[in-house]
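None of the figures in this text is laboratory data; all of them are computed from the coordinates on show. This structure is a prediction, so every number in the text was calculated from the model and none was measured. Quick reminder, even Gly has a Cβ in these numbers, built from the backbone with ideal geometry, and neighbours come from all protein chains shown.
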Amino acid sequence: MSQKEGIKELKEVLDAVLSTDGLTGLFIKCFKDGAQASDAAIIFSDLMSNPKYMKAIQDINKIGVEVKDLDMNESFDLAADMLKYVKDIVALATQK
Ligand SMILES: [Ca+2]
């Protein structure tokens with residue numbers, strides 16, 4: 001197998017969306033105690049300042065190529081990442 005597009009950008013986007021310090025974590029932290037007016041400011045501020053989003057958006061156009069080029073190892077790698085994100089999200093969502 002000589003390719004490789006790799007999965008760096010794909011991983012960056014998944015991280016920005018699914019990690020506990022990315023979008024999913026942000027929404028859980030804001031809305032766990034219900035939605036208040038102040039949540040909008042917190043979300044806006046995070047969207048503007050969190051470097052994860054900038055990194056993800058910068059190379060988002062490479063993702064299509066990476067997805068088309070996925071091999072078995074990369075798929076397992078991504079699946080392992082997803083399991084970790086789910087575990088972290090559940091921990092964050094259920095912690096007091
Ligand atoms: Ca809230």
> According to the square roots a ≥ b ≥ c of the eigenvalues of the Cα gyration tensor, what is the shape class of the chain, taking rounded for a/c under 1.5, prolate for a/b larger than b/c otherwise, and oblate for the remainder?
Replying inline: oblate
> Going toward the positive end of the dipole of the chain, with +1 on Lys and Arg Cβ and -1 on Asp and Glu Cβ, which of Ser19, Asn73, Thr94 do you reach last?
Replying inline: Thr94
>> For a quick check, take a GNM of the chain with Cα springs below 10 Å and name the residue from Asp46, Asp69, Asp15 with the largest mean-square fluctuation.
In response: Asp69
> Where in the chain are the DSSP H helices whose alpha-carbon span along the long axis reaches 20 Å or more and whose Kyte-Doolittle mean is at least 0.0?
Replying inline: 72-94
> With each run of n ≥ 4 DSSP H residues scored as -39500 (n - 2.57), what mean residue ellipticity at 222 nm is computed for the chain after dividing by its residue count and rounding to the nearest 500 deg cm²/dmol?
Replying inline: -22500 deg cm²/dmol
> In debye, nearest 20: dipole of segment 26-85 around its Cα centre with unit charges on the Cβ of K, R (+) and D, E (-)?
Replying inline: 240 debye
